[in-house]
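Colleague: I'd like to ask you about the structure that follows.
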Amino acid sequence: MTFWDFIVKWLQSLVGADLMIEAINNNRPIPAQAWLNLFFSTVTLLIGIMIAYRFFYFILGVFGKSRTYKDAPKDKKYCFLVPARNEELVIANLIDSIRAMDYPQELVDILIVADNCDEDDKTAQIAREKGAIVYERHDMAHRTLGFALQYAMREFAKDHNVVDDYYAYIRLDADNIVSKNYLTKLNSCMQNAGFDEAITYRNAKNLSENWIAAMCGMNVYVNVLINARPRSILKTNQQVYGPGARFRSYLLKDGWNWTGLTEDLDIESDLTARGYKLGYCEEAIFYEEEPTTVKLFVRQQMRWTKGNLISFRKYWWPLTKSFFKKPTWSKYDIFWQFFPYSFLSFYFAFFYQIISLILFLIVGENGYNWFSFGSWILTLLGGIYVSNLFYDLVTVIREWKRFHLSLPKTILYIVLFPIYQLINLPVSAVAGFMKVTWKHIDHHTVVNPEDLEKEEAERRKSK
């Protein structure tokens, strides 16, 4: 068998065509396995067609440039919203980076909610000493970041006019730090583009700590290429991805109402369904700490998957109904953005295997084609690995100037990173049927944002 003969046979086996042709040639009924392959391949193809535009997004992310904005007057007042649980090691690092920004500090307030902190934890004390507005909350029955922010905004509204006192609110995590011109660039973006909400460029501050941090951080860079940058170029709504989101004050006039396990998914689908504009400012950079142990990684992935399923169940119909009422590309795009791929992909393949094995037990080995079975499974797994390997390689080349990792480690992690996505399949599958609650992730990395910016500047010069 030549190479091309093998490729043809492989493609035919994916859709059951080899079994159909064989049955027709031998004047036999088409076997059930052929229909099984045809069904699963057809569903996979249809979903692939619906999201094929994402490869175009990737091309734009690689070769295009995000929109930039002319300087705007630094005359708007902002408030940073930060939920923090047992973050005494890093909270000062965040506040110091905010206070070191080149934006007028009299127009910047920092609101910290010390959420369910241990008695001996000093998060609230340190934040107060640094001049932040601090509220302390103790409610173990409602532990998500969303509930913490809901409480903070409710208390904040007792002493402030949430809408009139501030132009916008910026949501960060306690482990984050911001670049010196972060708010200057974000302010210019918001005033010139007129976004209701906007996200900013996420970078990793501990990428070189170990292979887990590197693989989790890689996901951040890939997200820029396949999501944030192309949507900026096309002027379509952005995915709200973790911290770094900025909200015009009128969006919070009724308080903070996104309290799911993954409040960012709730935000993007809710605001898009209601017709708001969600933008992106790539020039405003903040840094986050990535998980450094398998336990933390699995915990994070399970929460994201469970939150994704809850959010999809809650918002898929409002978003769909809004699309049919007033169709926009943003609504279509955001629907497929928070579609639960990992969860469904695992069980799609799982049920294929179960049904295939049942057929084998019924018809016996003589009536079953193991090549057809194996090609479908290996194509699925191999496709995930090869596609992510390609994405990772291109991403590293494109984002190298912001990639805080040595070249030898980078090459190693490019090969390993697709395993991150493969591991995510069974983790996501388990999370769908477990009671997943929000749990604190310990943070410890303290760095100076100016040192990170200096390293990036040196990489730009050497590129």
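Colleague: Where does helix 370-398 land angle-wise versus the long Cα axis of the chain, in degrees 0 to 90, nearest 10?
Modeller: 30
Colleague: Have a look at Leu378, Ser179, Phe40 and report the one farthest towards the positive end of the charge dipole of the chain, computed about the Cα centre with Cβ charges (Lys/Arg +1, Asp/Glu -1).
Modeller: The residue sitting most towards the positive pole is Phe40.
Colleague: Pull the list of the chain cysteines that no other Cys approaches to under 4.7 Å, Cβ to Cβ.
Modeller: Cys79, Cys117, Cys216
Colleague: So if each residue of separation counts as 0.36 nm, and I subtract the Cα-Cα distance between Arg274 and Lys253, what length gain in nm does that give? Could you put the intermediate results ahead of the total?
Modeller: Values: separation 21, 0.36 × 21 = 7.56 nm, distance 1.53 nm.
Result for the pair: 6.0 nm of gain on full extension.
Colleague: Give the shape of the stretch 255-357 as rounded, prolate or oblate, defined through the alpha-carbon gyration tensor: a ≥ b ≥ c are the square roots of its eigenvalues, a/c under 1.5 means rounded, and otherwise the shape is prolate if a/b is larger than b/c and oblate if not.
Modeller: Oblate, since a/c reaches 1.5 and b/c is not below a/b.
Colleague: Please list 41-54, 172-185 highest first by mean number of surrounding beta-carbon atoms within 10 Å per residue.
Modeller: 172-185, 41-54
Colleague: Just to confirm, what accessible area per residue do you get for the stretch 287-340 at 1.4 Å probe, in whole Å²?
Modeller: Per-residue accessible area for the stretch 287-340 comes out at 49 Å².
Colleague: Can I ask one more? Can you compute the charge dipole magnitude of the stretch 223-316 about its Cα centre, using +1 on each Lys and Arg Cβ and -1 on each Asp and Glu Cβ, nothing else charged? Give it in debye, rounded to the nearest 20.
Modeller: Numbers: 14 positive and 11 negative charges, 66 e Å.
About 320 debye.
Colleague: Moving on. Convex hull over the Cα atoms of the chain, averaged projected area in nm²?
Modeller: Working: hull surface 101.6 nm².
Mean orientational projected area (the chain, Cα hull): 25.4 nm².
Colleague: What dipole magnitude, in Debye to the nearest 20, does the chain give about its Cα centre under +1 on Lys/Arg Cβ and -1 on Asp/Glu Cβ?
Modeller: 1440
Colleague: Want the number for Leu234 to Lys74: 0.36 nm per residue separation, take away the alpha-carbon distance, what's left?
Modeller: 54.9 nm
Colleague: By the gyration tensor of its Cα atoms, with a ≥ b ≥ c the square roots of the eigenvalues, what is the shape of the stretch 71-119: rounded for a/c under 1.5, prolate for a/b over b/c, or oblate?
Modeller: prolate
Colleague: At Ile24 and Asp159, where each label point lies 7 Å from the Cα along Cα→Cβ, what is the point-to-point distance in nanometres?
Modeller: Placing both labels 7 Å along Cα→Cβ, they lie 7.7 nm apart.
Colleague: Taking Cα centroids, how far is the stretch 238-268 from the stretch 99-148 in Å?
Modeller: Here the answer is 18 Å between Cα centres.
Colleague: Checking the a/c ratio against 1.5 first, then a/b against b/c, what shape does the Cα gyration tensor give for the stretch 75-234?
Modeller: Oblate shape, in that a/c is at least 1.5 and b/c is the bigger or equal ratio.
Colleague: Can I ask one more? Rounding to the nearest 10 and keeping the result within 0 to 90°, find how far the Cα-based axis of helix 182-193 lies from the longest principal axis of the chain.
Modeller: That works out to roughly 70 degrees.
Colleague: Follow-up. Can you give me the accessible area per residue for the stretch 41-157, using a 1.4 Å probe, in Å²?
Modeller: 48
Colleague: Okay, moving on. Here is the link list: Lys306/Lys326; Lys65/Lys130; Lys409/Lys454; Lys253/Lys321. Which ones come out longer than 32 Å on Cα distance?
Modeller: Those over the limit are Lys65/Lys130.
Colleague: Next question. So if we plug the beta-carbon distance of Asp96 and Phe39 into 1/(1 + (r/R0)^6) with R0 = 56 Å, what FRET efficiency do we get, rounded to 0.05?
Modeller: Values: r = 58 Å, r/R0 = 1.03.
My answer for the efficiency is 0.45.
Colleague: Which one of Ala124, Ala148, Ala100 is farthest out on the positive end of the charge dipole of the stretch 98-183, using unit charges on Cβ (Lys, Arg +1; Asp, Glu -1) and the Cα centre as origin?
Modeller: Ala100
Colleague: How much of the accessible area of the chain, probe 1.4 Å, is carbon plus sulfur, in whole percent?
Modeller: With neighbouring chains kept in place, the figure for the chain is 62 percent.
Colleague: Using 7 Å Cα-to-Cβ label points, what is the Glu455/Ile49 separation (nm, one decimal)?
Modeller: Once both label points are built, they end up 4.7 nm from each other.
Colleague: Quick check: the distance between the Cα centres of the stretch 281-318 and the stretch 39-79, to the nearest angstrom?
Modeller: So the separation of the two Cα centres works out to 18 Å.
Colleague: On a straight-distance basis, which lysines could pair with Lys70 in a cross-link, Cα separation under 22 angstrom, same-chain partners fewer than 8 positions away excluded?
Modeller: Lys180, Lys185, Lys235, Lys277
Colleague: Find the relative contact order for the chain and round it to a whole percent, using C-alpha pairs within less than 8 Å whose residues are 6+ positions apart.
Modeller: Reported relative contact order: 20 percent.
Colleague: Now for a separate question. Determine the sum of side-chain charges near Met190: Lys and Arg each +1, Asp and Glu each -1, restricted to other residues whose C-beta is under 13 angstrom from that of Met190.
Modeller: Summing Lys and Arg as +1 and Asp and Glu as -1 gives +4.
Colleague: So for each of 400-407, 106-113 I average, over its residues, the number of other beta carbons within 10 Å; can you give me the resulting order with the highest mean first?
Modeller: Values: 400-407: 16.6, 106-113: 19.8.
Peptide ranking by packing, descending: 106-113, 400-407.
Colleague: Helix 53-63 against the longest principal axis of the chain: what's the angle in degrees, Cα atoms only, rounded to the nearest 10?
Modeller: 50
Colleague: May I pose another question? Taking K and R as +1 and D and E as -1, what net charge do the other residues with C-beta under 11 Å from the C-beta of Ala92 add up to?
Modeller: My count for the surroundings of Ala92 gives -1.
Colleague: Also, quick follow-up: Compute the distance in nm between two label points, each set 7 Å from the Cα along the Cα-to-Cβ direction, one at Phe324 and one at Lys65.
Modeller: 4.4
The values are calculated or read from the model by the stated rules, or taken from the named source; none is laboratory data. If you're wondering where the values come from, they're calculated on a predicted model, not measured in any experiment. Positions of Cβ are generated from backbone atoms using ideal geometry, with glycine treated the same way; all protein chains shown enter the neighbour counts. Heavy atoms of the whole protein, side chains included, go into the accessibility calculation; ligands, DNA and RNA do not. Shrake-Rupley method; radii C 1.70, N 1.55, O 1.52, S 1.80 Å.
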